[in-house]
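What follows is a short report on a single structure.
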Amino acid sequence: MLHIYRQLTGLKAFETFVITKHRQNADRFPFDDVEPLVTPRRHVLRRGYLKYITRKPALIYRGEYDAIRRILIRRDPDLIHVYFGNTGVHLLPLLSKWDRAWVVSFHGMDVQRRPKEKGYDRKLAEVLQLAPLVLVRSQSLAKRLQDLGCSPEKIRLNRTGIPLQNFAWVERSVPVDGQWQLVQACRLVEKKGLLTTLGAFRRFIADYPKARLVIAGEGPMKDGLVRRINELSLGNQVTLTGFLNQDDLRRVYAESHIFIHPSELAADSNQEGIPNSMLEAMASGLPVVATRHGGIPEAVQEGVDGILVPERDEPALYGAVLKLASQPDLWRQMGKQASHSVAENFEQGQQIERLEAAYAEALRAGPLG
């Protein structure tokens, strides 16, 4: 994930290495110090004994516990940063024995309960109880973790950092003949509200027939979106670009006029933190039309740098887009303020300093217990 890569490569006061099961997209995320998690081949009977007879957790019966332990002994780190709460659950047998500092960070999807996964919710509560410090990307995630039993005293806010030099302000003009271009950049998953986007856009083109919608990203909803686009006869005005690299994404932002992102709480309680793509778009000067969901209201000031509407409210989303398109002065004003807001609250250097301050605090405090 890009925001994690930015954190790893942005550290100044700390040196780090990464332990991972699978190294993917090394060309997009070049990082030299990676420790692949190579687990020994276990005899099927031994694995079955550990899993079904002694009821050992997956970390142990898969052989990962010993593999990680060997890496930690050899590398001798002062602190572990566990990315994602569900990873913390998986690593719980190791973390419960770790005698140095560690932190765990939550990013959105990892705050959901998993009642169908036996013992998961109990183990997540144990992670929250055991963790010396818990990092969150938004206040809304902090509230969810408190509801799950996390002490507020150990929660630290560490927002997504945006490299402003990569998403510079772009001067835009009101489009000729109403050729407004809306853009949504995200994974194609339920919580992004993409079906609501399509419904609102269908209404919008009744007012601006030459408008276009660009949806950038990949994900499991792609085929369903294609079907819905065809059902709404939007094939000539909606473009699904697939995954875009940073250069191509910047180009799409520069060509667009409004960023749309109607996130919603998914059926499995998957919640948005603060979308990185939204912050990048705002940094480039795009005003936002989004929902009062998750951490979005912590980044978008209602009526200042964007317009917020209720979740799953297609008419309200359409009305907000129409308001910006029909009031060019408001559109310009919100776009300028969006760029200022990201620079003030989400600049990457500031957030790296906060992350390193949390590391330093965890080192001073040491492990709980």
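Just so you know, all these numbers are worked out from the coordinates, no wet-lab data involved. Remember, it's a predicted structure, so these values are computed and weren't measured experimentally. Positions of Cβ are generated from backbone atoms using ideal geometry, with glycine treated the same way; all protein chains shown enter the neighbour counts.
Assorted remarks:
- The slack between THR20 and ARG47, meaning 0.36 nm per residue of separation minus the straight C-alpha distance, is 7.6 nm.
- Nearest 10 degrees, 0 to 90: helix 194-207 Cα axis against the chain principal axis: 10 degrees
- Here the peptides 292-301, 275-284 are ranked by packing, the mean other Cβ count within 10 Å, and the order with the highest first is 275-284, 292-301.
- For Rg and Dmax of the Cα atoms in Å, calculated from these coordinates, the label among (i) 21.3, 68; (ii) 22.4, 71; (iii) 19.1, 66: (ii)
- Efficiency of FRET from Cβ geometry, ARG75 and ARG28, R₀ 25 Å, rounded to 0.05: 0.50
- Between TYR5 and LYS222, the FRET efficiency from the beta-carbon distance, with R0 = 25 Å, is close to 0.55.
- With 25 Å as the limit on Cα-Cα distance, the pairs of LYS97/LYS154; LYS97/LYS118; LYS51/LYS191; LYS143/LYS336; LYS123/LYS143 that go past it are LYS51/LYS191; LYS143/LYS336.
- Dividing the helix sum by the residues of the chain, where each DSSP H run of 4 or more adds -39500 (n - 2.57), gives a mean residue ellipticity at 222 nm of -12000 deg cm²/dmol.
- Under 5 Å between amide hydrogens, built in the peptide plane, is the criterion, and for LEU37 it picks out THR20, LYS21 among residues at least 5 positions away or on other chains.
- Segment 164-345: relative contact order as a whole-number percent, Cα under 8 Å and 6+ apart: 25 percent
- The chain: relative contact order in percent, alpha carbon pairs under 8 Å with at least 6 residues between: 18 percent
- The label-point distance for LYS56 and GLU344, in a model that sets each label 7 Å from Cα toward Cβ, rounds to 5.5 nm.
- For segment 250-291 versus segment 1-28, the inter-centroid distance based on Cα atoms is 24 Å.
- R0 of 25 Å, Cβ-Cβ distance PHE243-THR39: FRET efficiency to nearest 0.05: 0.25
- Contact order for segment 94-160, expressed relative to its length and based on alpha carbon pairs under 8 Å spaced 6+ residues apart, stands at 34 percent.
- When the alpha-carbon atoms of segment 164-345 are used, the pair Rg, Dmax equals 14.7, 43 angstrom.
- Charge context of THR160, other residues only, Cβ under 12 angstrom, K/R +1, D/E -1: 0
- For segment 342-353, 3J(HN,Hα) per residue [Karplus equation, 6.51 cos²θ - 1.76 cosθ + 1.60, θ = phi - 60°, Hz, x = Gly/Pro]: 5, 4, 7, 10, 9, 4, 4, x, 4, 6, 5, 4
- Alpha-carbon spread of segment 35-145, three principal axes, descending order, Å: 46, 36, 21
- Amide H contacts of VAL214 (H built 1.01 Å from N, under 5 Å, at least 5 apart or other chain): LEU182, VAL183, GLN184, THR239
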